[in-house]
Amino acid sequence: MATVTFDHATRVYPGTERPAVDQLNLEIEDGEFLVLVGPSGCGKSTSLRMLAGLEDVNGGHIFIGDRDVTDVQPKDRDIAMVFQNYALYPHMSVADNMGFALKIAGTPKAEIRQRVEEAAKILDLTEYLDRKPKALSGGQRQRVAMGRAIVRQPQVFLMDEPLSNLDAKLRVQTRTQIASLQRRLGVTTVYVTHDQTEALTMGDRIAVLNAGILQQVGTPREMYDRPNNVFVAGFIGSPAMNIGTFDVKDGHVKVGSADVPLDRSIASEMTDADGGKVTLGFRPEALDPVPVGTPGSFDVEVNLVEELGSDAFVYGTLKGDAADVNLTAGETNQLIVRIDPRTVPDKGDVIAVSIQAGHSHVFSATSGERLG
Amino acid sequence: MPQQNLQITAVAPDPALLDLPWDVPLVDWPEDVLAALPQGISRHVVRFVNHGGRVIAIKEIGETVAYREYELLRQLHRIEVPSVVPVGVITGRRAPDGERLEAVLITEHLQFSLPYRALFSQDLRPDTATRLIDALAVLLVRLHLVGFYWGDVSLSNTLFRRDAETFAAYLVDAETGDLHRTLTNGQRNYDVDLARTNIIGELMDLAAGELLDEDVDEVAIGDALVERYQELWNALTGSEAFASDDRWRVAARIERLNDLGFDVGELEITTDIDGTKVRIQPKVVDAGHHSRRLLRLTGLDVQENQARRMLNDLDSYRAATDRQNDQEQIVAHAWVRQVFRPTIDAVPRELRRKLEPAQLFHEILDHRWFISQQAQRDIPMPEAAESYVENVLRHRPDEDAVLGLPPGEAEEAELEA
Ligand SMILES: Nc1ncnc2c1ncn2[C@@H]1O[C@H](COP(=O)(O)OP(=O)(O)OP(=O)(O)O)[C@@H](O)[C@H]1O
Ligand SMILES: Nc1ncnc2c1ncn2[C@@H]1O[C@H](COP(=O)(O)OP(=O)(O)OP(=O)(O)O)[C@@H](O)[C@H]1O
Ligand SMILES: [Mg+2]
Ligand SMILES: [Mg+2]
């Protein structure tokens, strides 16, 4: 059992100027499932590889437990990459498929068998041990691949996008299996993904990286409810949060035709550089449809309705005087509103919505940092 | 019934591709469109299909990964790394009942390629495993030289083609790859280490299926890959630049590569603008290509290792005469006239019967290297030939009987052509 600590860990690839990972500080608790998430190229894999000892650390330190492993060889770090090698060998029994890395390492036969049996019990594969992998379902095959790492009994599991090349069904199934298995084993785990849904559903805590810099660490709830900055706000949540920069007048944010009250304490954090503007974020589900003309509401022209069974979302354009703002929701530059799937407007309709009290997020227009 | 809204991404989209039964999961495709060819183990469904006079390989895979792999394979193709050639990606598949079907990546089936399992299920020479490992080590080094991190090196993700006595390896699965300007040692070591684990696993599997000779030591073969790789990498990447009158160092480097016993042989030699510095960058090429290339360039028909040696000398000649930009064939003919033929002619007729001309030439090159090293200067060919005749050739037995050829005459006639 072990904690993992990144202490100002930095990696600069030869021939590049900007660090791929810049002064990463992160403390992972014993037994914790921590997910590193961020867009492609943000430095997730590099962080994981530094922990694994596969990439030089150019600055700072990495600890496993109390031990400084910054310059320790990968094989002496007592960690295992899960799903690093996932091909199942058709002629070998399930037991041999799980234990072959131990065999390569020269572990005595009896010990291999014992460790494989223990792992099989946890993975619910005992009755298949002496069968060939052909007899297994897709989910069971994934468990055999996990078994390969479990039999090594490491202090830390590392996983880098293990589900990215599974089909959608198997992905969801394996996601659940990995998460519940990790909880049962209680082995500290660092899991890398670019998929924020995966992060939210699997992690005890999530660390969001962008351009090599740690943006925020917290529980899925914290990340969702209180994003520290505009980047995290836009990255976490699906569909994405609506985010735009608006004028502030007389203690109100001008969103379309609406005057959204701004907390005095928040307003006091604005600086001259902000030029009287704030960046405001509100999730699609934080918008309530109201009758057109309701005070405090703004109008949205419907461009498209996406119906997903239990939910429906309007993709639209903000109307009104202060509407020519740079408003985005993730990849789109439309405004997204969650609506009741039973009362769906038509394309071209104008609907009015208001932001639920306490469900907006205010960020500095210049730094992007959370205000209040 | 929801319509399929197929989208093809391809450099040259072939509308006939749309006629394939995309609304059916690949596992259920009818026999009559499929081509029965051997294939390796994989998690995804992969099928070969006869299509417009060629065979294509179709892999069902997630959309993002499909695009990613397609793009990487295109880049590898562009930089001429031995890999399968991508045809395109098809998305938007739906079954008649409306269910979404997985995207597919289409590649050209690599002709004459054999997955390693097919090689082992045939009656093959006992050193097959070793030869496959050699080929894979060469491929891995080539990939790393261009900055490609594979992420999933294994025999299953490699295709092998017979190449004279050996094999040439091709990359087939680029799903986990990444292309960078240069790789770090960490990235290379990871690939090599994973290759070792995967190869041992794959061989243990063959052993479990009784497809592998019982004497084969799987772990030793896995270790051999690591060793071969390291050897080759070190030999290839030690950068060398020197003053152009130290040209003997080119030969020294070539010698070192040949000594490794690999199918490595071509050196790219560049001179800087004022011709005072020479830089060498060895290139890895497939076996069997040298003799063909030499034949094409010069009309000389010699054995593989002889050809390799002669081509290297031809390259040195091009650099030395600053003719890298001239047409290869013309320079090659000049080399035959100015280097090869005078060297052979410098050997007295009665001694020429001792060895084939190409072998003579090879030995003279050896000799020149030897005496250049001793003298620490570039010994010109005529001087080297003279020294060779006096100090070496005179003391050798006749080999024409051993070879069973009438050396001299036949080759002589070819040279005139
Ligand atoms: N050998 C290298 N040379 C230069 N840059 C590199 C090298 N390897 C990685 N990088 C760069 O470092 C940055 C971080 O890469 P990394 O693989 O850690 O990102 P990632 O978050 O895992 O991305 P992805 O989701 O695409 O896997 C990227 O910009 C990448 O291009
Ligand atoms: N273009 C091709 N030419 C010849 N054979 C091919 C080609 N493409 C695929 N194959 C065969 O199909 C097999 C599986 O392909 P591939 O490795 O791409 O699948 P995969 O499911 O991604 O594998 P993995 O499980 O390693 O991720 C290969 O081992 C090879 O034998
Ligand atoms: Mg990554
Ligand atoms: Mg494969």
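Overview of results
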{"quantity": "Share of Cα-Cα pairs in region B:17-99 lying beyond 22 Å, as whole percent", "calculated": "29 percent"}
{"quantity": "The protein assembly as shown - percent of accessible surface contributed by carbon and sulfur, probe 1.4 Å", "calculated": "48 percent"}
{"quantity": "DSSP H segments from chain A that extend 15 Å or more along their own axis, Cα-based, with Kyte-Doolittle mean of -1.0 or above", "calculated": "A:94-104, A:109-123, A:138-150, A:168-185"}
{"quantity": "Accessible area that becomes buried as B packs against A, both chains, 1.4 Å probe, Å², nearest 100", "calculated": "2200 Å²"}
{"quantity": "Electrostatic dipole magnitude of the protein assembly as shown [Cβ: Lys, Arg +1; Asp, Glu -1; Cα centre; debye, to 20]", "calculated": "560 debye"}
{"quantity": "Centroid-to-centroid separation of region A:242-293 and region A:39-78 [C-alpha atoms, Å]", "calculated": "42 Å"}
{"quantity": "1.4 Å probe, heavy atoms, protein only - residues of region A:42-65 losing at least 50 Å² accessible area vs chain alone", "calculated": "A:Arg49, A:Leu54"}
{"quantity": "R0 of 22 Å, Cβ-Cβ distance B:Ala35-B:Asp14: FRET efficiency to nearest 0.05", "calculated": "0.85"}
{"quantity": "Calculated FRET efficiency for the pair A:Gln73/B:Gln230, C-beta based, R₀ 25 Å, to 0.05", "calculated": "0.95"}
{"quantity": "Calculated diffusion of region A:63-192, Stokes-Einstein form, Kirkwood radius summed over Cα pairs, 20 °C and 1.002 mPa s, µm²/s", "calculated": "140 µm²/s"}
{"quantity": "Estimated dipole of chain A in Debye, rounded to 20 [Cβ of Lys and Arg +1, of Asp and Glu -1, Cα centre]", "calculated": "1720 debye"}
{"quantity": "Alpha-carbon spread of region A:71-143, three principal axes, descending order, Å", "calculated": "43, 26, 23"}
{"quantity": "Kirkwood Rh in Å, taken over all unlike Cα pairs in region A:194-286", "calculated": "14.6 Å"}
{"quantity": "Mean projection area, nm², convex hull over Cα of region A:241-364", "calculated": "7.5 nm²"}
{"quantity": "Net +/- balance of residues flanking A:Thr16 in space, Cβ distance below 15 Å, scoring K and R +1, D and E -1", "calculated": "-2"}
{"quantity": "About the Cα centre, charge dipole magnitude for region B:7-109 (Lys/Arg +1, Asp/Glu -1 at Cβ), debye", "calculated": "340 debye"}
{"quantity": "Value of Rg/Rh across region A:131-196 [Cα atoms, Kirkwood radius]", "calculated": "0.96"}
{"quantity": "Over 21 Å (Cα to Cα) - which of A:Lys277/A:Lys319; A:Lys103/B:Lys59; A:Lys44/A:Lys103 fall in this group", "calculated": "A:Lys103/B:Lys59; A:Lys44/A:Lys103"}
{"quantity": "Label zone at A:His252 (point 7 Å along Cα-to-Cβ), backbone N below 13 Å, region A:276-304", "calculated": "A:294-298"}
{"quantity": "Interface residues, region B:15-64 - accessible area loss of 20 Å² or more versus chain alone, probe 1.4 Å", "calculated": "B:Ile41, B:Arg43, B:His44"}
{"quantity": "Along principal axes, Cα extents of region A:154-235, largest first, whole Å", "calculated": "33, 30, 23"}
{"quantity": "Compactness relative to 2.2 N^0.38 Å, alpha carbon Rg of region B:114-236", "calculated": "1.01"}
{"quantity": "Cα pair distances exceeding 47 angstrom across the protein assembly as shown, given as percent", "calculated": "37 percent"}
{"quantity": "Area projected by the alpha carbon convex hull of chain A, averaged over all directions, nm²", "calculated": "22.3 nm²"}
{"quantity": "CD proxy at 222 nm, helix term only [per DSSP H run n ≥ 4: -39500 (n - 2.57); per residue of chain A; nearest 500]", "calculated": "-7000 deg cm²/dmol"}
{"quantity": "Shielded by partner chains, region B:163-204 residues - at least 30 Å² of accessible area, 1.4 Å probe, vs chain alone", "calculated": "B:Arg181, B:Thr184, B:Gly186, B:Gln187, B:Tyr190, B:Leu194, B:Thr197, B:Asn198, B:Gly201, B:Met204"}
{"quantity": "Region B:69-97 residues near the modelled B:Asp23 label - backbone nitrogen below 17 Å, point 7 Å along Cα→Cβ", "calculated": "B:91-97"}
{"quantity": "Probe 1.4 Å, accessible area per residue of chain A, Å²", "calculated": "45 Å²"}
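The values are calculated or read from the model by the stated rules, or taken from the named source; none is laboratory data. Being a predicted model, the structure only gives us computed values, none of them experimental. So basically every Cβ, Gly included, is an ideal-geometry build from the backbone, and we count neighbours across all protein chains shown. Please note that ligands, DNA and RNA were not included when accessible areas were found on the heavy atoms of the full protein model with its side chains. Shrake-Rupley method; radii C 1.70, N 1.55, O 1.52, S 1.80 Å.
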